[in-house]
Number of protein chains: 2
Amino acid sequence: MTAGSSSTPDSPGHPHPRHIRLTSHSGGFGALPIVWGAETARERGPVVGTTTSRAHRNVIGTHSGSYSVYRALAVAAGALKREHKADLTNTAPTNTIGPYPQWSDPAKIVSIDPWGAEVAREYEAELAAGYDIRPTLAVTQAHVMLPEVIEALQKGRLKADGQLLTANGAAMVTKVAVEPVWYLPGVAKRFGCTEAELRRVLFEETGGMYPELVTRSDLEVFLPPIGGQTVYIFGNPRDLADPNVELTARVHDECNGSDVFGSDICTCRPYLTHAIEECIAAAQPKDKGGRGGVGLVAYSRKEGRALGEVTKFLVYNARKRQVGGDTADQYFARTECVAGVQDMRFQELMPDVLHWLGIRKIHRLVSMSNMKYDAITGSGIEVGERINIPDELIPADARVEMDAKMAAGYFTPGAVPDADELKKAKGRALK
Amino acid sequence: MTAGSSSTPDSPGHPHPRHIRLTSHSGGFGALPIVWGAETARERGPVVGTTTSRAHRNVIGTHSGSYSVYRALAVAAGALKREHKADLTNTAPTNTIGPYPQWSDPAKIVSIDPWGAEVAREYEAELAAGYDIRPTLAVTQAHVMLPEVIEALQKGRLKADGQLLTANGAAMVTKVAVEPVWYLPGVAKRFGCTEAELRRVLFEETGGMYPELVTRSDLEVFLPPIGGQTVYIFGNPRDLADPNVELTARVHDECNGSDVFGSDICTCRPYLTHAIEECIAAAQPKDKGGRGGVGLVAYSRKEGRALGEVTKFLVYNARKRQVGGDTADQYFARTECVAGVQDMRFQELMPDVLHWLGIRKIHRLVSMSNMKYDAITGSGIEVGERINIPDELIPADARVEMDAKMAAGYFTPGAVPDADELKKAKGRALK
């Protein structure tokens, strides 16, 4: 039910219940109501996607995104007991995030459960009463060591401070794993369609996944079987919510071919490692000669513009083989021929994670994407400077992509390439 | 229907039809039969997961793994026409893989469509007749540049040959994107359960995904909404199938935290880049002073032992905070408390991609995992040497994982740590 939509006291959807409501039906020990956008975790109610007690479920789908399929395999193989409940001892977040005012604005966050990291604390009573409630967010700390950061140290672009960045190139981070939790009425609004349309299309265009999408309009929350996000924070996570602290941020969409394997057809890894370098430089402590800001990388699992890698490779072949070769003026056309669209990443949901972190201002956005910029500013977050990828980090074969994107509206501090210019940069042909 | 299970000529399941069968029902223009493990693509029949013509569908689920959800969003947003069919012009594989005898052994491959890369060629008639048939495999070529390979060149561990490896550190690869296509009777056999059990569990433990799993036993193929695999081949892909050509291979399971961000709690990226270095060294051409072998990295999207990243981070916290700190003797116990199992990667399906590539012998397996080794050799592929990760590449904080795994049966050329030894290596505590 929609936040604040109910009116009579003690009705299941009432946003301010005075006691723990362990049932949504009088007389039954059943599903707890979810009041999306309520002010506290208690009022909002837990997200219950358990597969053990069907009567407790108050969502469509289940936890762990697409890894629920592996969980099923574990049960099929006899390795996992169906009734296993997670022992959450010692798993609590290493850093407290929020709560922030954005959490109770049902328009600001529609694809994350803001209370998803603190279920053990917030829903202790329900857990004790037998509800199988699982975290959809997890916060931990890590040391990350990238060869590119070590190089930046060696070349003097970065200096070790012994606190955020060690002399051997390890950077201290707080990181957060984020599973998607979709409030369907809110997601529909973002995409400019009705909730009924969204539900029907999600069902039909996946070949019939989760009939509850169309049969159970009372269930308004969906745990889609897709990849989530990972957030890396350099500096104090609390500072993200303070617009007076300089925030350097990149929102990066997964590209396995470049991020992991260093393929030279795009700028993904170089831009990502440049952003990490910028984040470290921004967040180094003032008393060690740093700027005392905070850095953020939000990494979304949207391989190949969320078209998946098979489509991505098909497009590569079509680009390289077309008459005239791989040129920027045909860059988007080839994707559209194969996939039907230029891009399926839909940045509409992306700002949610920024609001979850309390962000109101990004001083330095390390991205040239107009789609990301528009989504972020359109959601009410101020953006200062935009930081492009330095020219020397663009692989020769990725020039085609870069020119095409700048002509299509990507931010560039230089001249936007014209129609003639777009024919010039040519990618390597297939052997 | 099972390959070879039918007997009367011209029945839908007959393995050697003499004409293109555009219907599985006499008199109807409907779904084409799939004869899993048939000898040719024509006899096997195409996998049709279209969402446009429901009558044509012969599988459960749809294409692009979990990205089908994004496809649905594209339709909801009005950006993609429902009826769009992929224009496959110029998308054909850059290199021909197979066919190999393994393709028609229904026990060897149960989770990949071996004909999935060549649908435009093999099912030209069906495509012309209006069937929406999409590739589930895509083969392309790329140049990959890793900082670790550049370092290997600088330190003299690798030498440029100007052909497979350039002086600036670019390595030439053929790469393949692989989407999962599950033949349910075969998958059930791998997991030692009945097909009916597998179907019921896949339905129930995902919270009710695809009721067809339990209602449509005539549909034997499932396109699960999970991540697939990417294969990187160094050298000539044809050589993979020749047991006389030295093959160096790693099967690597995704770990975003290390593979991309260089987290020091595990050995994932260092082991992967070491494997790539080994693959390049093995595959450099003989006439340039190389060994003239072939290299392979098969990368599977199984984040955090296929438990997903939220669970992974919860386990990190539990390990770091437990009484006595993060030690190898408690390494697996912490995962089991949270997840119910130590590991959900289930290597049972992993060898399929090796059989698809025609592999019969891996001379040098760059992996210490006994689960991977057992799965590969158990599927009939010979393994020669096993290559461990060099000690100097193991981050200090990852010593806990390494010791725990060796004690649990991982391959090690040295001594297996005993109970006392397992208490020694201690991971960094949380701040």
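Data for the structure
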item: Residue in the stretch A:74-96 that is under 26 Å from A:Val353 (Cα atoms) and not in a loop (DSSP other than H, G, I, E, B) present; result: no
item: Odd one out for B:Ala160, checked against (1) at the interface with chain A (Cβ under 9 Å from one of its Cβ atoms); (2) free of Cβ contacts under 8 Å to residues at least 12 places away in the same chain; (3) small (Gly, Ala, Ser); (4) open to solvent by 20 Å² or more (accessible area, probe 1.4 Å); result: (1)
item: Residue that is farthest from the other protein chains (Cβ to nearest Cβ), among those in the stretch B:323-354 that are part of a loop (DSSP other than H, G, I, E, B) and open to solvent by 20 Å² or more (accessible area, probe 1.4 Å); result: B:Gly324
item: Inter-residue pairs, beta-carbon under 8 Å, first outside any loop (DSSP other than H, G, I, E, B) and in the stretch A:399-416, second of a type in the set (S, T, N, Q) and surrounded by fewer than 17 Cβ atoms within 10 Å (Cβ to Cβ), 6+ apart; result: A:Met406/A:Thr412
item: Some residue of the stretch A:192-204 being of a type in the set (Gly, Ala, Ser) and assigned to a helix (DSSP H, G or I); result: yes
item: Filter pass, A:Met371 being open to solvent by 20 Å² or more (accessible area, probe 1.4 Å) and in contact with a helix residue (DSSP H, G or I) (Cβ under 6 Å, 6 or more places away or on another chain); result: yes
item: Condition met for A:Gly207 (within 7 Å of chain B (Cβ to nearest Cβ) and either open to solvent by 50 Å² or more (accessible area, probe 1.4 Å) or within 18 Å of the chain's Cα centre (by Cα) (or both)); result: no
item: Index of the failed condition, A:Ser369 passing every other in (1) touching a Leu at 6+ places or on another chain (Cβ under 7 Å); (2) more than 14 Å from every other protein chain (Cβ to nearest Cβ); result: (1)
item: Residue count for the stretch A:408-431, restricted to those that are under 20 Å from A:Val323 (Cβ atoms) and away from every other protein chain (no Cβ under 14 Å); result: 8
item: Members of the stretch A:133-145 that are open to solvent by 10 Å² or more (accessible area, probe 1.4 Å) and more than 7 Å from every other protein chain (Cβ to nearest Cβ); result: A:Arg134
item: Options B:Tyr100, B:Tyr70; residue that is more than 13 Å from every other protein chain (Cβ to nearest Cβ) and buried (at least 19 other Cβ atoms within 10 Å of the Cβ); result: B:Tyr100
item: Qualifying residues in the stretch B:222-239 (those that are more than 10 Å from every other protein chain (Cβ to nearest Cβ) and assigned to a loop (DSSP other than H, G, I, E, B)) - the one most open to solvent (accessible area, probe 1.4 Å); result: B:Asn236
item: Selection count, the stretch B:1-55, where residues are basic (Lys, Arg) and either part of a loop (DSSP other than H, G, I, E, B) or at pLDDT below 50 (or both); result: 2
item: Criterion violated by B:Glu148 - all others in (1) charged (D, E, K, R); (2) open to solvent by 10 Å² or more (accessible area, probe 1.4 Å); (3) more than 8 Å from every other protein chain (Cβ to nearest Cβ); (4) in a helix (DSSP H, G or I) satisfied; result: (3)
item: Evaluation of A:Asp242 against (1) within 12 Å of chain B (Cβ to nearest Cβ); (2) within 30 Å of A:Thr91 (Cα to Cα) (one fails), failing number; result: (1)
item: For B:Tyr299: the one exception among (1) in a helix (DSSP H, G or I); (2) touching a residue at least 40 places away in the same chain (Cβ under 8 Å); result: (1)
item: Flag for A:Leu219 being closer than 26 Å to A:Thr52 by Cβ and open to solvent by 10 Å² or more (accessible area, probe 1.4 Å); result: yes
item: Pair list, Cβ under 6 Å, 6 or more apart: the stretch B:180-195 residue over 12 Å from B:Leu223 (Cα atoms), other residue open to solvent by less than 20 Å² (accessible area, probe 1.4 Å) and assigned to a loop (DSSP other than H, G, I, E, B); result: B:Gly186/B:Val110; B:Val187/B:Val110
item: Pair list, Cβ < 8 Å and 6+ apart or interchain, from the stretch A:77-92 residues that are touching a residue at least 24 places away in the same chain (Cβ under 8 Å) and open to solvent by 40 Å² or more (accessible area, probe 1.4 Å) to residues that are part of a loop (DSSP other than H, G, I, E, B) and among the acidic types (Asp, Glu); result: A:Arg82/B:Glu205; A:Lys85/A:Asp132; A:Ala92/A:Glu118
item: Residues of the stretch A:117-131 satisfying the condition of being open to solvent by 10 Å² or more (accessible area, probe 1.4 Å), farther than 18 Å from B:Ala318 by Cβ and assigned to a loop (DSSP other than H, G, I, E, B); result: A:Ala129, A:Gly130
item: Test: A:Ala177 is modelled with pLDDT of 95 or more, surrounded by fewer than 20 Cβ atoms within 10 Å (Cβ to Cβ) and not in a loop (DSSP other than H, G, I, E, B); result: no
item: From the options A:Asn95, A:Asn58, residue that is more than 7 Å from chain B (Cβ to nearest Cβ), modelled with pLDDT of 95 or more and more than 26 Å from A:Val173 (Cα to Cα); result: A:Asn58
item: Criterion: hydroxyl-bearing (Ser, Thr, Tyr), in a helix (DSSP H, G or I), under 29 Å from the mean Cα position of the chain (by Cα) and over 24 Å from B:Tyr232 (Cα atoms) - qualifying residue of B:Tyr373, B:Tyr316; result: B:Tyr316
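The values are calculated or read from the model by the stated rules, or taken from the named source; none is laboratory data. Keep in mind it's a predicted model, so treat the numbers as computed, not measured. Using ideal geometry, Cβ is built from the backbone for each residue, glycine included, and neighbour counts are taken over all protein chains shown. What goes into the accessible areas is simple: the full protein's heavy atoms, side chains included, and nothing from ligands, DNA or RNA. Shrake-Rupley method; radii C 1.70, N 1.55, O 1.52, S 1.80 Å.
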